[in-house]
1. Take the Cα coordinates of region B:37-180, assign each an equal point scatterer, and use the Debye formula without solvent to give log10 I(q)/I(0) at q = 0.10, 0.15 Å⁻¹.
2. Take the eigenvalues of the Cα gyration tensor for region B:160-305, scale each by 5, and report the square roots as semi-axes in whole Å, largest first.
3. Per residue of B:146-157, what is the mean number of Cβ atoms on other protein chains within 10 angstrom of that residue's Cβ?
4. For chain B, which span is the longest to avoid every loop-located (per DSSP) member of trypsin sites (Lys or Arg not before Pro) having at most 11 other Cβ atoms inside 10 Å?
5. Most mobile of B:Thr15, B:Thr200, B:Thr83 per a Gaussian network model of chain B (Cα springs, under 10 Å)?
6. Residue by residue through A:247-256, how many Cβ atoms from other chains fall within 10 Å of the Cβ on average?
7. Considering only C-alpha atoms, what is the centroid distance from region B:247-313 to region A:178-199, in Å?
8. Restricting to lysines 8 or more places apart or on different chains, can you count the pairs in the protein assembly as shown with Cα atoms under 24 Å from each other?
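Read the figures in this text as sums done on the coordinates, not as results from a lab. Bear in mind that the values here come from a model prediction, so they are computed numbers and not experimental data. Here the Cβ is made from the backbone with ideal geometry for all residues, glycine too, and neighbour counts use every protein chain on show.
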Amino acid sequence: MSTTKATLMSPAAAGSRPSTLRRCLNHPGTIIGGGIVIFFVLVAIFAPLIAPYEPNTSNWLAIRQAPSALHWFGTDDLGRDILSRVIFGARASLLVGLVSVAIAIAVGVPLGLIAGYVGGFTDMAISRCTDALLACPFLVLAIAFAAFLGASLQNAMIAIGISAMPIFVRLTRGQVLAVRNEDYIAAARLLGVPNVKIMLAYVMPNVLAPIVVQATITMATAVLAEASLAFLGLGQRPPAPSWGTMLDVARQFLTQASWMAIWPGFAIITLVMGFNLLGDGLNDALDPRDD
Amino acid sequence: MFLYVLRRLAIAIPTLLLVSVMVFGLLKFLPGDPALALAGEERDPAVIEFLRQKYSLDQPLYIQYGKWLGGIVQGDFGTSIRTRLPIGDMIAEKLPVTIQLSVMAMLIALVIGLPAGIVAALRRGTATDYGVTIFGLLGLSVPSFWLGIMLILFFAVRLGWLPSGGYVNFLQSPIDNLEYTLLPSLVLGTAAAAIVMRHTRSSMLLVLKQDYVRTARAKGLKERIVVIRHVLRNGLVPVVTMSTLHLGELLSGAVLTEQVFGIPGFGKMVVDGVFSRDYAVVQAVVLCSAAMFLLMNLIADIAYVILSPRLRG
């Protein structure tokens, strides 16, 4: 079956398909970055099984204890086990990252498709609004939306998602403009294929690769933004653990309990770096120019 | 050239106007009566009615917007509900602080990022290259507030060399001012250095592959001359553009760093505004940030045209 398919495809197409996946798998960045991301996803899913303690249970006999055999990462100001809280904190970070990027894509990509494909006044209206949103600083925008909506994990997702949306509009629109005048689009139009179907079946597959890369990099931004909002008190409500809130609390005990500040920070850096590595790797592997 | 600048301005100004409409709209969507908010503790209906008329809150939206925008054009951003000060004065006081931080951060970024990026590109695939690349990734991934906390922990708490937070005006005491701004600009500079470095490296690698570099080498030019005259001159053009753009982001984005170090700049102003529901302040800061961002965009565009003569035509 696969052999007949391969012979039917043009040599270029037949050659490029397996090589994209192989290039992804051969890239050290994709492997390491992907590994880090998968590790954190597993940690988040199996948090109740891995965590040595209940993340929200205070222990008044173990307040601000330095890392030890009993508490590997130490304990916080309420005697809670920091390792367990870091493990459960992965849930907030990944959930916000995933949902906010999904919101950004769900709103941004269709808008970009429409702007690029329809053109004219629609394009101008969408593009100008995108420019205006992009001119506002990302984090300030997210803070303003989060404050406007009220502090909660759910609203942090929406705020970050809206703030990250314009970049997807611009990216998709640019990609659509690049393929809009290709012969196969013109052919589909001549054959009377409906516009919506052309957009989804002919244009969309061609703009997918850069969107995947952008989505990965935006996950890194979103995880950082979640930590930032939580740090400011605009994200996950206590006592539920979030790396950003943990750092906010830790700041008050810097001199007495520096370990409280160290571990959540390492967790953020590692996860964000995982997404950045993965994004870089996918970018190299999916970039058709770089052979 | 002049026409080109005009054309770019013709795009930037409507964008800024659109930002102002969105910023204005956001405030109008807020629940609650702004006249009541302005009145504060005062509950006298006459006072509230007076305020409503004074701030044209009884007028149709487009007239309110027109008056608001007209005021801003003349430098009148309204009054802060929290501090009772004119917002224009607050901006005039806080903007220089943020500009100083941003410029210092950008200097640090260029001093570290440029040479690191150039060396990494010239020695592609070596240990140096990997080291620089890893530093770049780390710089991108470190949350600024965490790096700030760690620097405070090390330099202020442990070593006691620098203050852990606060701010002194440069005109009052330049040395104290530098002591207070060094750590925050280091935090901002690290992230910026990572970005500068990554762009420099990739831009240099792109240029190194070009035919004219091969020609220059084939002519028998010394490698040093090839690098300085051909590679650097072309490879650094996008870096200049990108650095200018990033300066625009720094000018508006030092929210968390200013918060951690207690620096009374633009970023802290917006956070304070958000938390005290002082939305006129938030409006003003977002609008100013967008204006600065667009201005830096414009400067980056112009610099790009000046530096790459092919586009001047």
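1. -0.68, -0.97
2. Ellipsoid half-lengths, sorted descending, are 40, 20, 12 Å.
3. On the way: counts 15, 2, 1, 10, 5, 0, 3, 7, 1, 0, 2, 3.
Mean shielding count: 4.
4. That would be B:85-208.
5. Highest fluctuation among the options: B:Thr83.
6. Per residue, the average neighbour count from other chains is 3.
7. 41
8. So the count works out to 7.
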